[in-house]
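S.K.: Dropping the structure in here first, questions after.
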Amino acid sequence: MPKLPVLRVTVEAPVTSFRYPHFLIGRQISFDMPPPSTIYGHVSSALGEMPGPESFQFGIDFRFASRASDLEHQHIITAGGAPFTSGGEKHTTSTQAVVQPHSRDFLFKPKMTLYLNRPDWAAAFRAPVFCVILGRSQDLASVTAVDEVALEQKSGAYLEHTLLPFSFRPFLAVGTTALMPRWIGAPPEREARFDRFIALHYDRVFGGEYEEPKRAPRRLLGDPNQRKWWVDPETPIHHGVHRGVIFHSFS
């Protein structure tokens with residue numbers, strides 16, 4: 001049976017938020033799961049450097065207890081500004097700040113299981129170089145488990161709480177299509193690459209071969225070039241199969 005050694009990292013946090021990058025003013029909504037660019041930043045934080053985007057791939061299982069919104073303040077800073085008088089003298093200003101309230105969505109009690117095809121990075125996640133965050137810089141998180149496991153190749157699997165490539169869309173009747181940042185490069189250029197993905201959360205979908213129950217479960221409507229599936233053998237079994245792991249790249 002073919003096996004694939006991977007690193008499985010579990011990350012948990014009280015709250016997190018993954019802001020839509022094109023929404024800045026007014027309500028700031030959150031993606032249902034971290035975009036690939038967030039995963040790239042998370043890995044870079046643990047390593048202490050930005051690895052080449054072609055140097056690794058990742059798969060993800062992401063869950064949260066609930067979502068809500070909170071009122072926050074934005075401090076809009078602009079160059080220049082009105083002069084002011086103090087002690088009878090007039091002073092100029094170089095910057096001016098305006099406080100603007102807005103609503104921000106957040107996810108409560110997120111838990112991410114991250115699969116990396118780099119088991120040699122285990123030590124980095126056991127002792128990260130930088131502070132562990134998940135989402136914004138103030139969204140502190142904890143690495144609660146680091147395991148080196150072997151995925152198994154099977155003829156069937158189920159998918160849930162994961163991110164899928166857009167190529168699955170013709171075969172999938174559920175899941176939310178989202179335009180996400182795939183990769184953001186180093187400063188000062190900060191090159192950004194965007195792509196379409198499918199966020200699959202609350203629907204369990206089966207692919208390939210599995211045990212047919214009396215009531216047929218939701219399944220893929222075809223074969224998205226996945227005749228064999230990488231599965232985590234330590235995940236729960238449903239209809240005779242384990243949870244599949246779909247890997248993504250940054251190119």
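S.K.: What do you reckon, is ALA79 surrounded by fewer than 16 Cβ atoms within 10 Å (Cβ to Cβ), among the aliphatic types (A, V, I, L, M) and closer than 19 Å to VAL6 by Cα?
M.R.: For ALA79, the condition - surrounded by fewer than 16 Cβ atoms within 10 Å (Cβ to Cβ), among the aliphatic types (A, V, I, L, M) and closer than 19 Å to VAL6 by Cα - is not met.
S.K.: Before we move on, is PRO236 in a loop (DSSP other than H, G, I, E, B), of a type outside the set (Phe, Trp, Tyr) and over 22 Å from LEU151 (Cβ atoms)?
M.R.: Numbers: in a loop (DSSP other than H, G, I, E, B): yes; of a type outside the set (Phe, Trp, Tyr): yes; over 22 Å from LEU151 (Cβ atoms): no.
In short, no.
S.K.: Okay, next question. Taking into account only those residues within the stretch 220-237 that are touching a helix residue (DSSP H, G or I) at 6+ places or on another chain (Cβ under 9 Å) and on the phi < 0 side of the Ramachandran plot, which is surrounded by the fewest Cβ atoms within 10 Å (Cβ to Cβ)?
M.R.: So, considering only residues that are touching a helix residue (DSSP H, G or I) at 6+ places or on another chain (Cβ under 9 Å) and on the phi < 0 side of the Ramachandran plot, the one surrounded by the fewest Cβ atoms within 10 Å (Cβ to Cβ) is ASP223.
S.K.: Another question, then. Please tell me if GLN96 is more than 21 Å from PRO187 (Cβ to Cβ), in contact with a His (Cβ under 7 Å, 6 or more places away or on another chain) and touching a residue at least 12 places away in the same chain (Cβ under 8 Å).
M.R.: no
S.K.: Please tell me if HIS201 is touching an Asp or Glu at 6+ places or on another chain (Cβ under 8 Å), closer than 24 Å to LEU151 by Cα and at pLDDT below 90.
M.R.: yes
S.K.: Something else: So GLY207 fits all but one of (1) more than 17 Å from THR38 (Cα to Cα); (2) in a loop (DSSP other than H, G, I, E, B); (3) touching a residue at least 40 places away in the same chain (Cβ under 8 Å); (4) not basic (Lys, Arg); what number is the exception?
M.R.: Condition not satisfied by GLY207: (2).
S.K.: Filter the stretch 239-251 down to residues that are part of a strand (DSSP E or B) and among the hydrophobic types (A, V, I, L, M, F, W, C), then give me how many there are. Reasoning before the result, please.
M.R.: Here is the first cut: in the stretch 239-251, the residues part of a strand (DSSP E or B) are 241, 243-244, 248.
Those left that are additionally among the hydrophobic types (A, V, I, L, M, F, W, C): 241.
Residues in the stretch 239-251 being part of a strand (DSSP E or B) and among the hydrophobic types (A, V, I, L, M, F, W, C): 1 in total.
Listed here are the residues, each with its yes/no results for (1) part of a loop (DSSP other than H, G, I, E, B); (2) among the β-branched types (Val, Ile, Thr); (3) in contact (Cβ under 8 Å) with a residue 40 or more places away in the chain.
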residue	(1), (2), (3)
PRO5	no, no, yes
PRO34	yes, no, yes
PHE62	no, no, yes
SER69	no, no, yes
HIS75	no, no, no
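The values are calculated or read from the model by the stated rules, or taken from the named source; none is laboratory data. This structure is a prediction, so every number in the text was calculated from the model and none was measured. In this analysis, Cβ positions are derived from the backbone assuming ideal geometry, glycine residues included, and neighbour counts consider all displayed protein chains.
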